[in-house]
1. Where both residues lie in the chain, what percent of DSSP beta bridges are antiparallel, nearest 5?
2. For the range 132-143, what does the Karplus curve 6.51 cos²θ - 1.76 cosθ + 1.60, with θ = phi - 60°, yield as ³J(HN,Hα) per residue in whole Hz, taken in order and with x for Gly and Pro?
3. Given +1 on the Cβ of Lys and Arg, -1 on the Cβ of Asp and Glu, and no further charges, what dipole in debye does the range 85-146 carry about its Cα centre, rounded to the nearest 20?
4. Put +1 on the Cβ of each Lys and Arg and -1 on the Cβ of each Asp and Glu in the chain; which of ILE23, LEU153, LEU47 then has its Cα farthest toward the positive end of the dipole?
5. Would you report the distance distribution of C-alpha pairs in the range 101-154 as whole percents per 10 angstrom bin, up to the bin with the largest distance?
6. Would you kindly compute the Cα radius of gyration of the chain and its largest Cα-Cα separation (Dmax), both in Å?
7. Find the lysine pairs in the chain meeting two conditions, Cα atoms under 17 Å apart and a separation of 8 or more places or different chains, and report how many there are.
8. Quick one: putting +1 on the C-beta of Lys and Arg, -1 on the C-beta of Asp and Glu, what dipole do you get for the range 56-162 around its Cα centre, in Debye to the nearest 20?
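Coordinate-derived values only; no laboratory data. No experiment lies behind these values; they were computed from the predicted model shown. Note: ideal-geometry Cβ built from the backbone for every residue, glycine included; neighbour counts use all protein chains shown.
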Amino acid sequence: MAIKPIQIAPNPVLRKIAEPVEIITDETRQLLDDMAQTMYDAPGIGLAGPQIGELKRLIVMDCSRNDEANELWQMVNPEITQFSEESALHEEGCLSIPGHNAEVTRPIWVELRFLDTGGKERQIKAEGLLAACVQHEIDHLNGVLFIDHISKLKRDIIWRKVLKESRQS
Ligand code: GNR
Ligand code: NI
């Protein structure tokens, strides 16, 4: 297991489309374990491949509360197959846009299909924070960031600060 450096905006890798994983090997599982360790270390509730510079359709999530047992999800090629008509606002942040948060409107539940670490196809319905998180992570696989879901005014304010911070570091 290893903690990998998290890529920060405006790094262009965060705007690329990640490639599906054709075969799940020990290397894939190693990468998913490194992603989990990186997520827990950050700490965050989710992490997608492009955030550690790996343009592969891999995500990890753990939305359990601090007083609950860990609930680690490791997903290969996740796809949303259905989403609720009803939406809700959630405060979101992103490890690749540190220090900035915004309220994002998203469907309150999604059904998704993915391969687990053994290559088995699984289908689940995600609700609550897990639903918001999985949509945020799948967005990363498509080069989309949470700021793309907010008003242009708010996005421009955050983006100006992101650019300024990147020049200072
Ligand atoms: O740690 C994170 N918190 C979070 C809060 C609300 C909705 C989504 C997230 S994901 C984020 C970690 C991250 O950047 N994942 O890509
Ligand atoms: Ni993120």
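1. Numbers: 26 of 27 bridges.
Around 95 percent of the beta bridges assigned by DSSP in the chain are antiparallel ones.
2. My calculation for the range 132-143 gives 5, 5, 5, 5, 4, 5, 5, 3, 4, 5, 10, x Hz in order.
3. My answer is approximately 260 debye.
4. LEU153
5. Going out from 0 Å in 10 Å bins, the range 101-154 shows 22, 47, 23, 7, 1 percent.
6. Considering the chain through its Cα atoms, Rg and Dmax are 15.5, 45 Å.
7. On the way: LYS4/LYS56; LYS16/LYS56; LYS152/LYS161; LYS154/LYS164.
Taking the chain as the scope, the lysine pair count is 4.
8. 480 debye
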